[in-house]
1. Compute from the Cα atoms of the protein assembly as shown the Rg and the Dmax, the latter being the longest Cα-Cα distance, and quote both in angstrom.
2. For the protein assembly as shown, build the charge dipole from Cβ charges (+1 Lys, Arg; -1 Asp, Glu) around the Cα centre, then report which of A:GLY9, B:LEU182, B:THR251 sits farthest towards its positive end.
3. Averaged across the residues of A:53-60, what count of C-beta atoms belonging to other chains lies within 10 Å of each residue's C-beta?
4. Determine by what factor the alpha-carbon radius of gyration of region A:2-175 differs from 2.2 N^0.38 Å, reporting the quotient.
5. Greater than 19 Å separation of Cα atoms is the criterion. Which listed pairs, B:LYS128/B:LYS258; B:LYS162/B:LYS258; A:LYS138/B:LYS34; B:LYS128/B:LYS156, meet it?
6. What GluC sites (Glu not before Pro) does region B:161-268 have in DSSP loop regions with at most 15 other beta carbons within 10 Å?
7. Counting protein heavy atoms only and a 1.4 angstrom probe, how many square angstrom of accessible surface do chains A and B bury in total, to the nearest 100?
8. For peptide B:20-31, what's the mean number of Cβ atoms from other chains within 10 Å of each residue's Cβ?
Amino acid sequence: MRRLLKWLGQLALVLAIYAVQIAVSSLLPFPASRFNLIIAFLLWLLFFDERRLMLWSLPLLGFLTELFVSTPFGASLIALFFGLLAADWLWSNLLTNRSLSSVFFLSLATAAIYSASFITLDYLFNLTLRGPKINPFKLLMDSGLEILLTAVLAAVGFGLASLFLKRLNPKYLSEKKI
Amino acid sequence: MFRRWEAKTGFFIAGATIVALVCFNYLGWLGWLKNAGRSIWQPFMAKTSEINISLGDRYAFFKSKEDFFQAYRACETGLAKEKFSESRLKLLEDENLNLKQLLNFREKNNFTLATARVVGRNAEGTEKTVVIDRGEEDGLKINQPVLAGEGILVGKIAKTEKGIAVVRLLNDSQSKAAAMALNREKSLGVVEGGYGLSVRMNFIPRNEVIMVGDQIITSGLEENIPRGLLIGEVAAVENETYRPFQEAVLTPAVDLSKLFWLDVLLTY
């Protein structure tokens, strides 16, 4: 029962994030409308070691994003997967010191990989599915602001949350008998 | 703690789910799920769209008293100009009617339109789109022009599915439309979106005179879009000596952030 409630709570959280993303992109004036809250949320889950939640909410959020966008189905979903896969690898192997600068650069890299994959896939899908022609260079310039703002949002969110979280688990101290 | 191999398995499962979703979508098996998702989220999107329209007015505030008076004076001048053009238009209309009768010209304006309600706005920050409640079953196809009011072009269809279509607005950076200025030379150009912030007319030859206030209409040199749909008017002209063409910044004829009902031009 407790597990079921936890799952329902997590599902509600994921749906709330999508609702906030819609509100952010359609209500806020430029440039605040360019925040990509979905990427920031998935990165926060990675930073706070909630990989399981991150992994199951990834297809759900990706699918929901696909419902109301002008791009062919799949471009955003696959790009989100590539971005998070790269983020997980960087977080585990390269940017491992968990500092605010690491978080910022990781968020920047993830948002950039997401945008690059999204533009490439959008271009390829439109080419093969005979969709409207797109200008990938213009789209890349458009994404620049989104990348920067999303990285700032993810880093600020991490910085604020880390003020309220324990840096070292006391259980670990007792186990090691320090 | 989520171990490394679990992370690998997790990513594999997530990746497989995504590949399955994409494949199922193109096989047409995901229609019911997408329709269910849209019917749940559509009321929320419509509500945010309504709030956005009412908020739009609050964002457009005046920074100073001077700005306000300047805007007021511009309004008054605009009104006076409007009255003058109205009288001129009436005269031209009469002349036009006479000429048509003389030439036995039959007015051809048998547009087939599909009226649609705006039910949402862009779900992605980088896009400038609106979602309408008509889809492919109503005959909507990609690149069909979308009109507001009486023949004002606001964008084109970018995506159609069952029950909905996504309209790419003129100010989206991927938007393009063949246009013509109503100046002496009838300058041709391409109207493009400027990263969601502005609408520009590019590729205007440098030797042609284009003035602030000139009206911009569709040129008809593009498939699916007839000549004469109003786009907007010139707000500023950029004619740099080092560039092969001049550019004009346009004010769209209708506020692209306040769209309620739209017409999709199916045939003409």
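The values are calculated or read from the model by the stated rules, or taken from the named source; none is laboratory data. Please read all numbers here as calculations on a predicted model, not as lab measurements. A quick note on method: Cβ atoms are made from the backbone with ideal geometry, for glycine too, and the neighbour counts reach across all protein chains shown. Surface areas here come from the heavy atoms of the whole protein model, side chains and all, with no ligands, DNA or RNA. Shrake-Rupley method; radii C 1.70, N 1.55, O 1.52, S 1.80 Å.
1. For the protein assembly as shown, the Cα radius of gyration and maximum Cα-Cα distance read 25.5, 104 Å.
2. So the residue we want is A:GLY9.
3. Working: counts 1, 5, 11, 4, 1, 6, 8, 1.
Mean partner shielding for this stretch: 5.
4. Numbers: Rg = 17.1 Å, N = 174, 2.2 N^0.38 = 15.6 Å.
Working it through for region A:2-175, the quotient is 1.09.
5. On the way: B:LYS128/B:LYS258 12 Å; B:LYS162/B:LYS258 25 Å; A:LYS138/B:LYS34 29 Å; B:LYS128/B:LYS156 11 Å.
Going by Cα-Cα distance, B:LYS162/B:LYS258; A:LYS138/B:LYS34 fall outside the 19 Å limit.
6. Details: sites: B:GLU161, B:GLU185, B:GLU192, B:GLU208, B:GLU222, B:GLU223, B:GLU233, B:GLU238, B:GLU240, B:GLU247; in loops: B:GLU185, B:GLU208, B:GLU223, B:GLU240.
Hits after loop and neighbour filter: B:GLU185, B:GLU223, B:GLU240.
7. Numbers: alone 11200 and 18010 Å², together 24310 Å².
Looking at A and B, the buried total is near 4900 Å².
8. Numbers: counts 1, 8, 9, 1, 1, 6, 5, 0, 0, 0, 3, 0.
So the per-residue partner count for this stretch is 3.
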